[in-house]
Amino acid sequence: MCGATGEVRLDGRTPDVSAVSAMAEAMALRGPDAAGVWSQGRVALGHRRLKIIDLTEAGAQPMVDPELGLALSWNGCIYNYRDLRRELSGHGYRFFSHSDTEVLLKAYHHWGDRFVEHLKGMFAFAIAERDTGRVLLGRDRLGIKPLYLTQDAHRIRFASTLPALLAGGGVDTRIDSVALHHYLTFHSVVPQPRTILRGVSKVPPASVVAIEPDGAVRTTTYWSPDFSRRADRADWSERDWEDAVLESLRKAVERRLVADVPVGCLLSGGVDSSLIVGLLAEAGQHGLATFSIGFESVGGVAGDEFKYSDIIADRFGTAHHQIRIDTDRMLPALGDAIGAMSEPMVSHDCVAFYLLSQEVAKHVKVVQSGQGADEVFAGYHWYPPMAEPGAATLEGAVAGYRRAFFDRDTVGVNALISEAYRAATADPSGAFVTDHFAAPGAQTGVDRALRLDTTVMLVDDPVKRVDNMTMAWGLEGRVPFLDHELVELAATCPPELKTAHGGKGVLKQAARRVIPAEVIDRPKGYFPVPALTHLEGLYLDMVRDALYAPEAKERGLFRPAAVDRLLADPNGRLTPLRGNELWQIALLELWLQRHGITGAAA
C-alpha cells in the first residue's frame, strides 16, 4: 500500500524527474516509510512506500528487474502472491525479494498484459519495459486502488491521487461540466473516467491502459461481473446460497490476513464489520485489535453505536478501542479530511473515517473493513422497489432508480449553477444510467441497479472514501466484501434472496451462524456524524465563509440567489437520500479552495 506516480514522454524528450519527485512527495502520507524515483529513456517512475510485505530494502520501489528489463511502481496488495511465486518459480523465474511487488514483475513477463487475470487483490500499477519504452497501467477489478491520469500532446502523467498530479503542474483545472452534472445529480458520484476537472481522468476499474512505443494509447477491460442467473445453480436452495456466500466470504477474509505486520479490523457494530470480526476469530485471530468511533449527539441525532460494537468485541474477545470525538476536535479535522480527498466526496463518513484512521494508525498498519456489502448484497432501501412490476422495463427501471437515488433533475441543477457551467447535453447523468442499465448481462431492475452500484457508485464513493481517509494516515484498508470471487457469486444470486429481510437477506441468514442475532436484527446503522447532518454554529460558519469567499465569487460556479436561499434555511432542503443540499455545494467549494483550484468553466 503506497503512492505511485510517473511520467511517459510522447515527444522524444526525457521525463521531468523533478515533477515526478514532487508528485511522489505529495503522497508522502500514503507511504511514510520510504521514497524512490527511477528514470530511463522516456519513462520516469516515483514512489512512496508503506511497508506491509517484505519490510526489507529488497522490496523497495520503484522496483527494477535488470534481468527482465522491467521497472514497476504500484499501490496495493496481491493476496495470492505466494501461490503465484511458487507457480512462477516452477517456470524458472528466480526471486531476489520476498515481496508481492517482484511477483508482479515476473507475472507480467510470463503472462503479458493478461497477468492481471491471475491476481487476487487490490492494485494500481505502472510497469515500464526498459528496451521498448512501453508502459502498462492497470487497476484492480473493483477499483479499490485509484489511478489518475493527465495527458497533453507531450506527455502522460499518472498518480495514485489527483492532488499529486496537481503538484506536478501543467494540469487543466477547468471544471468539467458533465462531471459537475453528475456530482449534483448522481449523489455526488462522478463516474470514471471523468473527474470534476477537465484535465484529469481516472483509469477505469478492471482495465489496463497500454502506452505503446509509438505513442498510441489503448484501454482494455479485462473483467466484468455477470448479473445473470447461472444454469448450474438453478436448483440451489436458500441454504445452498447461504453456504456458498459464507464460504466465499470466509476465504476473502482469510486472504486479507497476508502481511508481515499485524492486521486489525474496523468495527462499526453493523452486520458487515461484525461478520468480518467473527470470521477472523474463526480463522484464529485471537486478541484481534478492533476499533469503533463515536461523536457528540447534535439536534437529537445519536452520535455513536458503541452498544453494538461492544457486543461483538465481548463475544469474540477482541482488543477493542472506543474512539470518542468531541466537536472541538472534529471541526479542524474536517478541513484536513477535505484535503485528503482526491475528489470531492460529500459523505459525512469521510471525517469519521479520517479521525478513525488517525487513531487506528497508532496501533496497526493494516485493517479490514466492511465496505461494499450493501452494494454487493442489496442492503439499501432503493433495491426492493426495483423489483416491482413498474421497474421491469428499461424505462421503468431507470425512472425508479432516479426517484430513489438522484439528488435532483437537470432543471434543479440549472437552477443551482451558473449558465457557463451547464452541460452541453440536456441530461448526461440520466443518459449514463440508461446506457448502463441497457447493457447486456442484467435483465431485472434489481440486477441493473446492483451492477451499476457495484461497478460505479461503490467505486467512486465508499471505496474511494476508505482509500483516501485511511491512506491519509499511512493505514492500509482491506475490503473482503470486494473480493472479486465473492462479487461474482453474489451477482448470480437471485435478487429476491438479497432483498429479503430488509436487505442483504442471504448475507444476514448466513451471518446467524457466526454472530449474535441482536446485531443482525438491529436497525440499519452508519457512521453517524450529527454535526454535518444538522448544520449549525461553527460548521455553518465554515460553510458560509466558503460559499461567500472571494475565490467562490470569482469562480461563479453557483448562482448567488441559490446560495442565499440555501444559507437562509441551512437544514431545510434535503436530497431523497437525506443529504443536506447546502453541504453538497459547500463541500465542492471547500475542496476546490483547499487544493488551490481556480476551476473556471470548461
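Consider residue 68 carefully, then state whether it is over 21 Å from residue 475 (Cα atoms) and surrounded by fewer than 20 Cβ atoms within 10 Å (Cβ to Cβ). It would help to see each step written out before you state the result.
Values: over 21 Å from residue 475 (Cα atoms): yes; surrounded by fewer than 20 Cβ atoms within 10 Å (Cβ to Cβ): yes.
Criteria met by residue 68.
Out of the range 553-567, which residues are among the hydrophobic types (A, V, I, L, M, F, W, C) and open to solvent by 50 Å² or more (accessible area, probe 1.4 Å)?
Residue satisfying the conditions is 561 alone.
Name every residue in the range 220-265 that is closer than 27 Å to residue 440 by Cα, in a loop (DSSP other than H, G, I, E, B) and open to solvent by 60 Å² or more (accessible area, probe 1.4 Å), in order of residue number.
Those that are closer than 27 Å to residue 440 by Cα, in a loop (DSSP other than H, G, I, E, B) and open to solvent by 60 Å² or more (accessible area, probe 1.4 Å): 224, 226, 229, 230, 234, 235, 236.
Which of the numbered conditions does residue 76 fail, given that it passes all the others? Conditions: (1) surrounded by 22 or more Cβ atoms within 10 Å (Cβ to Cβ); (2) assigned to a loop (DSSP other than H, G, I, E, B); (3) in contact with an Asp or Glu (Cβ under 9 Å, 6 or more places away or on another chain).
(2)
Do we have residue 190 as touching a residue at least 60 places away in the same chain (Cβ under 8 Å) and either touching a helix residue (DSSP H, G or I) at 6+ places or on another chain (Cβ under 7 Å) or open to solvent by less than 60 Å² (accessible area, probe 1.4 Å) (or both) here?
Yes: the conditions hold for residue 190.
Across the range 568-582, which residue is modelled with the lowest pLDDT among those that are open to solvent by 10 Å² or more (accessible area, probe 1.4 Å) and not in a loop (DSSP other than H, G, I, E, B)?
Residue satisfying both the conditions and the ranking: 574.
Among the listed residues 335, 339, identify the single one that is surrounded by fewer than 18 Cβ atoms within 10 Å (Cβ to Cβ), assigned to a helix (DSSP H, G or I) and in contact with a His (Cβ under 8 Å, 6 or more places away or on another chain).
339
What pairs come out if I take residues in the range 250-263 that are in the same structural domain as residue 361 (by the TED database) and within 11 Å of residue 280 (Cβ to Cβ) and pair them with residues that are among the basic types (Lys, Arg) and open to solvent by less than 20 Å² (accessible area, probe 1.4 Å) whose C-beta lies under 6 Å away, six or more apart or interchain?
Qualifying pairs under 6 Å: 256/478.
Has the range 210-218 got any residue that is surrounded by 21 or more Cβ atoms within 10 Å (Cβ to Cβ), assigned to a strand (DSSP E or B) and not assigned by the TED database to the domain that holds residue 318?
yes
Which residues, counting only those in the range 120-177, are open to solvent by 10 Å² or more (accessible area, probe 1.4 Å), among the aliphatic types (A, V, I, L, M), in contact with a Ser or Thr (Cβ under 8 Å, 6 or more places away or on another chain) and not in a strand (DSSP E or B)?
Once the filter is applied, which keeps residues that are open to solvent by 10 Å² or more (accessible area, probe 1.4 Å), among the aliphatic types (A, V, I, L, M), in contact with a Ser or Thr (Cβ under 8 Å, 6 or more places away or on another chain) and not in a strand (DSSP E or B), the range 120-177 yields 166, 171.
Quick check on my filter: what residues within the range 400-423 are among the hydrophobic types (A, V, I, L, M, F, W, C) and either in contact with a Ser or Thr (Cβ under 7 Å, 6 or more places away or on another chain) or under 15 Å from residue 447 (Cα atoms) (or both)?
Of everything in the range 400-423, those that are among the hydrophobic types (A, V, I, L, M, F, W, C) and either in contact with a Ser or Thr (Cβ under 7 Å, 6 or more places away or on another chain) or under 15 Å from residue 447 (Cα atoms) (or both) turn out to be 406, 413, 423.
How do the pairs read when you match residues in the range 173-185 that are of a type in the set (D, E, K, R) with residues anywhere that are open to solvent by 10 Å² or more (accessible area, probe 1.4 Å), using Cβ under 6 Å and keeping only pairs 6 or more apart or on different chains?
Every condition considered, the pairs that remain are 174/198; 174/600; 174/602; 176/194; 176/198; 176/602.
Considering only the range 473-504, how many residues are open to solvent by less than 10 Å² (accessible area, probe 1.4 Å) and outside any helix (DSSP H, G or I)?
9
State which residue pairs qualify: first residue assigned by the TED database to the domain that holds residue 520 and inside the range 274-295, second residue of a type in the set (Lys, Arg) and part of a strand (DSSP E or B) in any location, beta carbons under 9 Å apart, and separation of 6 or more residues or different chains.
If the second residue must be of a type in the set (Lys, Arg) and part of a strand (DSSP E or B), the pairs left are 293/324; 294/324; 295/324.
Any residue in the range 430-444 that is within 29 Å of residue 412 (Cα to Cα) sitting within a Cβ distance under 6 Å of a residue that is open to solvent by less than 50 Å² (accessible area, probe 1.4 Å) and small (Gly, Ala, Ser)? List the pairs, counting only those 6 or more apart or interchain.
437/397
Which of the residues spanning the range 26-46 are part of a strand (DSSP E or B), over 15 Å from residue 60 (Cα atoms) and open to solvent by less than 20 Å² (accessible area, probe 1.4 Å)?
Within the range 26-46, 43, 44 qualify.
The values are calculated or read from the model by the stated rules, or taken from the named source; none is laboratory data. Because the structure is a prediction, the values reported are computed rather than measured. Because the Cβ atoms are built from the backbone with ideal geometry, glycine has one as well, and the counts that use them run over all protein chains shown. When the accessible area is computed, the model is the full protein with side chains, heavy atoms only, and any ligands, DNA or RNA have been set aside. Shrake-Rupley method; radii C 1.70, N 1.55, O 1.52, S 1.80 Å.
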